[in-house]
Amino acid sequence: MMSPAAGGSNGDPSTGARHDCAALANAVTSQAAGASAVFLRSYEPGDGETDLPAALASSAFVYDNALAAIALVACGDVERASLIGNALSRAVRSDRTFTDGRVRNAYRAGALGEGSPALPGWWDRDQNIWAEDAAQDGSSTGNAGWTVLALLTLHQATADASFLADAERVMDWVTANVSSGAGFRGGFHGYDPQSVPITWISTEHNVDINAAAAWLHRLTGKAKHAEAAAQARRFVERAFVEDHFLLGTKPDGSLADPALLALDVQLWPWMAIADGPATWRSALEFAATHLNVGDGFDFNGDRDGVWIEGTAQAALAYRIAGDPMKCRQLLATLEADRTPSGFFNASRTARLSTGLSVDPTRTTPDFFYFKRPHLGATAWVTLAAVGWNPFTGRRVD
């Protein structure tokens, strides 16, 4: 018998939403194993794979887990969302090296025990050492922003003051460590305690920080959060050129190559900043013209395949823009990408390029998505199907 999570929605967002919510709930229940805090694995083996690559096998990316927590709140499943939120809070309060409130880009998947959350790693037989990934050990500004958004969503749902306090602690780290005065820099990369600063500025990161800081200001009235939101917004405004958004800046502060495109950069600014200029929404049409692939969207402009997470983002963007029919159409096309577990693959093709680097201090375009069940993609599909804006913590009319 086919499980409910694998049944498909036949284009009905409400049916799809039930299946999506169930898939996320099942992942929390199975991986938490009765514990009070859990980080969910970001990926599962794809077709033809028995195991994941060593660098991914134990990885729970903070971005994916923050999205999953928000999506579960949108599903009405605050109890399971709180298990992820508890893990995020533990990470904010207790790190194996640092005491400044930063969060890592990834943690070891599974139920949390006592002490600081462990980081992902694997035994490298060739070198006879315990290995870790420098990018996963680092701290991205965008991931900090998403952590704050997840904690604030949980605070809104539970009235638990600790979620708010932990959100403020992360934001204080952001403002103290990555502010340039003209936008928030990329974060830190590498192994602790010698991680190095990332000097470029990302439009996407600044959207995240604007949304998180503005939400904190609404709750607390503290001027420091208003100032952080304003700084991030000024950078987003700078990145808008004619009808679309640029990726950000180069390490020297000059604007990024306009040929480098990214789908989320075209969608998130006006999804997150409701009172932004009306012209910002032209970026949706720009994306439909320059980033579409068949019945979906690519990550970047090379159009080498459908990016499932990004196509779900576009579905939600159309819903926010007042085009529910286009939202339904995109969600219906994504049903082909649902796996038996209920999770969605990260890519429709075997490998999808992004034009970005795994190592944020380099420019080698070696960051790819693969056709594997992905927590982040599943969370975005859920948000689109339920109709929930993760930047504001509100349902979409």
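The values are calculated or read from the model by the stated rules, or taken from the named source; none is laboratory data. Remember, it's a predicted structure, so these values are computed and weren't measured experimentally. Glycine gets a Cβ as well: all are built from the backbone with ideal geometry, and neighbour counts include every protein chain shown. Ligands, DNA and RNA are stripped out before the accessible areas are found, and what is left, the full protein with its side chains, is counted by its heavy atoms. Shrake-Rupley method; radii C 1.70, N 1.55, O 1.52, S 1.80 Å.
Using heavy atoms of the protein chains and a probe of 1.4 Å, the accessible area assigned to Cys327 is about 0 Å².
For Lys371, a cut-off of 25 angstrom between C-alpha atoms picks up these lysines, skipping any fewer than 8 places away in its own chain: Lys326. Ordered from longest to shortest, the equivalent ellipsoid semi-axes for region 322-377 are 27, 15, 9 Å, each the square root of 5 times a Cα gyration tensor eigenvalue.
Quarter the surface of the alpha carbon convex hull of region 73-199 and you get the mean projected area, 9.0 square nanometres. For region 250-336, the ratio of Cα radius of gyration to the globular rule of thumb 2.2 N^0.38 Å stands at 1.11. Checking Cβ-Cβ separations below 4.7 Å across the chain identifies Cys327 as cysteines lacking any candidate disulfide partner. A Cβ-based charge dipole, computed about the Cα centre of the chain with Lys and Arg at +1 and Asp and Glu at -1, lands at about 700 debye. Could you tell me whether region 226-292 comes out rounded, prolate or oblate from its Cα gyration tensor? Rule is a ≥ b ≥ c as square roots of the eigenvalues, rounded for a/c under 1.5, then prolate if a/b exceeds b/c, otherwise oblate. Cα axes put region 226-292 in the oblate bin.
Using the alpha carbons alone, the radius of gyration of region 127-189 stands to its Kirkwood radius in an Rg to Rh ratio of 1.12. Relative to the 2.2 N^0.38 Å rule of thumb, the chain has a C-alpha radius of gyration ratio of 0.90.
With both labels modelled 7 Å from their Cα along Cα-to-Cβ, the Asn128 to Ala230 distance reads 6.0 nm. Let me check I've understood the local charge: for Val236, count other residues with C-beta under 14 angstrom from its C-beta, Lys and Arg +1, Asp and Glu -1. What total comes out? Charge balance near Val236 sits at -1.
Using just its DSSP H runs of length 4 or more, each adding -39500 (n - 2.57), the chain gives a mean residue ellipticity at 222 nm of -14500 deg cm²/dmol after division by all residues. Each residue was assigned an accessible area with a 1.4 Å probe, and for Arg394 the value is about 130 Å².
Sorted largest first, the principal axis extents computed over the alpha-carbon atoms of region 1-139 equal 49, 36, 25 Å. Using every pair of distinct Cα positions in region 170-254, the Kirkwood expression returns a hydrodynamic radius of 13.2 angstrom. Taking every protein chain into account, the accessible area of the chain amounts to 39 square angstrom per residue (probe 1.4 Å).
With the convex hull drawn around the C-alpha atoms of region 66-137, the volume per residue stands at 110 Å³.
When all protein chains stay in place and ligands, DNA and RNA are ignored, the 1.4 Å accessible-area order of Trp122, Trp388, largest first, is Trp122, Trp388. May I ask for the net charge around Val170, where only other residues with Cβ less than 15 Å from the Cβ of Val170 are counted and Lys, Arg are +1 while Asp, Glu are -1? Net local charge, Val170 excluded: +1. Report note on the peptides 275-283, 57-65: ranked by the mean count of other C-beta atoms within 10 Å, highest first, their order is 57-65, 275-283. Overall, the accessible surface of the chain at a probe of 1.4 angstrom is composed of carbon and sulfur to the extent of 52 percent. Dipole of region 242-397 computed with +1 at Lys/Arg Cβ and -1 at Asp/Glu Cβ about the Cα centre; of Leu255, Gly276, Leu330, farthest Cα towards the positive end is Leu330.
At q = 0.17, 0.21, 0.25, 0.29 Å⁻¹ the log10 of I(q)/I(0) for region 103-159 amounts to -0.72, -0.93, -1.07, -1.11, computed by Debye summation with a single uniform scatterer per C-alpha, solvent ignored.
Using the Cβ-Cβ distance between Asp100 and Ala223 with R0 set to 22 Å, the FRET efficiency from 1/(1 + (r/R0)^6) comes to roughly 0.55. A compact globular protein would have a Cα radius of gyration near 2.2 N^0.38 Å; the ratio found for region 268-397 is 1.05.
Computed over region 56-101, the alpha-carbon pair-distance distribution with 10 angstrom bins reads 27, 46, 25, 3, each value a whole percent.
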